[in-house]
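**Student:** Below you will find the structure I want to go over with you.
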Amino acid sequence: MGKDTLTIIDNRTGRTYEVPIFYGTYPKYGAAIRATDLRQIKVDEDDFGLMSYDPAFLNTASTRSRITFIDGERGILRYRGYPIEVLAERSTYLEVAYLLLHGELPTRSQLESWTHEIMHHTFIHESIKKFLDGFHYDAHPMGMLIGTVGALSTFYPEAKHIHDPAVRRRQIVRLIAKMPTIAAFAYRHSRGLPYVYPDNELSYTGNFLNMLFKTTELKYKPNPVLERALDVLFILHADHEQNCSTNVMRSIGSSHVDPYSAVAGAAAALYGPLHGGANEQVLRMLQEIGSKDRVPAYIRRVKAGEVLLMGFGHRVYKNYDPRAKIIKQVAYEVFEVTGTNPLLEIALELERIALEDEYFVTRRLYPNVDFYSGLIYQAMGFPVEMFPVLFAIPRTSGWLAHWEEMLQDPEQKISRPRQIYDGPDVRDYVPLEEREVRAPA
Ligand code: CMC
């Protein structure tokens with residue numbers, strides 16, 4: 001093998017430049033040049049220097065990270081080196097959250113004190129209840145979650161001291177602990193039901209189910225199959241490297257704002273139908289299709305470019321999303337308890353046709369994490385509006401792991417991309433009375 005450099009010839013000037021190539025853990029999946037090395041490439045001294053143009057970051061690494069590895073070609077996902085399949089089978093969500101944040105799986109005593117810490121921060125300030133009461137009865141729970149998480153920064157003003165590791169740590173615990181409570185309260189509010197306070201004797205997901213679904217019983221007992229299924233879903237959603245909302249978390253966090261404001265922004269990014277809002281849209285799509293025999297007609301509409309096949313396709317995976325495989329398995333376990341979701345038949349038929357169809361095959365479109373998760377959530381009794389919320393709760397640990405990593409990375413600064421200006425050159429100001437109507441540009 002030759003040198004780890006790239007030689008660039010600028011044909012405008014005939015000059016040659018040599019820039020270093022550097023690598024991550026896997027040279028084949030992480031070779032890069034520094035975009036700032038291009039700035040030396042100039043036509044003359046006044047020239048700003050060459051930039052790289054990359055809308056939507058299709059080929060730009062914005063950071064070096066040690067948290068999550070994805071090989072989209074081979075359908076591989078690992079948190080801190082551990083394959084997602086192993087974590088889903090053998091870990092709990094809180095163990096995985098610890099792993100993402102600390103880099104190592106906890107020992108038994110570390111896990112005990114981490115679980116204790118999280119479960120003792122699940123209560124929210126009574127004023128937050130009043131705050132939630134102010135939302136309309138039909139407010140989308142994701143909107144309520146975003147607004148309320150943002151408001152938490154006003155309850156914990158110390159959170160702005162982001163350079164103090166102990167302060168950061170406290171907010172991380174609070175956020176992981178309080179997200180399920182806010183989510184559950186938002187749900188109860190939209191149903192007109194009284195809020196159920198956390199039961200810290202239950203597991204993280206067991207307590208979440210308690211706060212959502214407890215009615216008159218003295219002590220809520222979560223169904224162990226559903227409790228574990230939700231925990232597995234939380235593990236699968238915990239992180240996904242530089243996805244849209246994580247990029248937002250890092251970007252907002254780079255301004256050194258408090259983490260509640262940054263998480264509110266990240267959750268807002270997640271809410272969109274192309275990201276975490278897709279699971280809600282999958283269900284709406286399946287309901288619209290209505291029956292198995294109407295699947296071919298829907299596929300025709302997708303191919304005509306009229307609609308997207310929600311829950312299909314991914315920026316990174318060009319193979320079956322490994323999370324979708326696990327979720328499909330979990331779906332059958334949940335349906336044993338809840339009875340089969342009648343929409344499953346339509347989903348399976350959609351998948352069968354799409355995986356054989358030339359349109360999807362050539363574009364390498366496979367089911368993603370959102371394709372089957374909604375069917376499980378619905379069978380468990382969640383209304384569709386809650387689906388993106390169920391994504392936001394576990395993703396909080398991933399957002400926070402990236403926030404921590406970003407703040408401790410000496411190479412990171414305030415996030416601020418460049419642009420290529422395409423607008424008009426400098427113009428003379430025209431006084432109002434002299435302006436003529438012009439066709440819009
Ligand atoms: N249905 C139909 N066609 C699709 C779909 C789809 N779901 N996804 C991509 N395509 C087509 C797209 O039209 C394009 O075709 P052409 O080359 O003819 O223009 C081609 O496939 C490449 O797609 P792209 O839009 O360039 O891909 P992208 O990387 O920019 O978008 C995506 C990725 C996830 C936004 C997109 O696949 C999509 O909109 N999927 C549906 C929404 C969805 O399920 N989102 C959840 C993503 S996974 C979880 C998460 O991130 O939260």
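The values are calculated or read from the model by the stated rules, or taken from the named source; none is laboratory data. Source: prediction; values computed, not measured. Note: ideal-geometry Cβ built from the backbone for every residue, glycine included; neighbour counts use all protein chains shown.
**Student:** Out of 339, 265, 313, 276, report the one residue that is within 14 Å of the chain's Cα centre (by Cα) and at pLDDT below 95.
**Tutor:** 276
**Student:** Take residue 335 and tell me if it is in a helix (DSSP H, G or I), away from the ligand (no atom under 14 Å from the Cβ) and farther than 17 Å from residue 280 by Cα.
**Tutor:** Taking the combined requirement at face value, the residue satisfies it.
**Student:** So, residue 290, is that one over 20 Å from residue 313 (Cα atoms), of a type outside the set (Val, Ile, Thr) and without any contact (Cβ under 8 Å) to a residue 60 or more places away in the chain or not?
**Tutor:** yes
**Student:** Going by the conditions given, is residue 381 under 30 Å from residue 140 (Cα atoms) and either surrounded by fewer than 16 Cβ atoms within 10 Å (Cβ to Cβ) or outside the structural domain of residue 118 (by TED's automatic domain parsing) (or both)?
**Tutor:** Answer is yes for this residue.
**Student:** Sticking with this one: Could you go through the range 363-378 and let me know if any residue there is among the small types (Gly, Ala, Ser), within 16 Å of the ligand (Cβ to nearest atom) and either outside the structural domain of residue 395 (by TED's automatic domain parsing) or surrounded by fewer than 15 Cβ atoms within 10 Å (Cβ to Cβ) (or both).
**Tutor:** yes
**Student:** Let me ask another. Hand me the list of helices (runs of 4 or more DSSP H) wholly inside the range 197-315 holding 3 or more residues that are more than 16 Å from the ligand (Cβ to nearest atom). So that I can check it myself, show each step before the final result.
**Tutor:** Numbers: elements: 204-213, 224-237, 244-253, 259-271, 278-289, 295-303.
Filter on the range 197-315 gives 204-213, 224-237, 244-253, 259-271.
**Student:** Of the residues 113, 109, 65, which is away from the ligand (no atom under 16 Å from the Cβ), of a type in the set (Ser, Thr, Tyr) and touching a residue at least 12 places away in the same chain (Cβ under 8 Å)? Please lay out each step first, then the result.
**Tutor:** Values: 113 fails: touching a residue at least 12 places away in the same chain (Cβ under 8 Å); 109 fails: touching a residue at least 12 places away in the same chain (Cβ under 8 Å).
It is 65.
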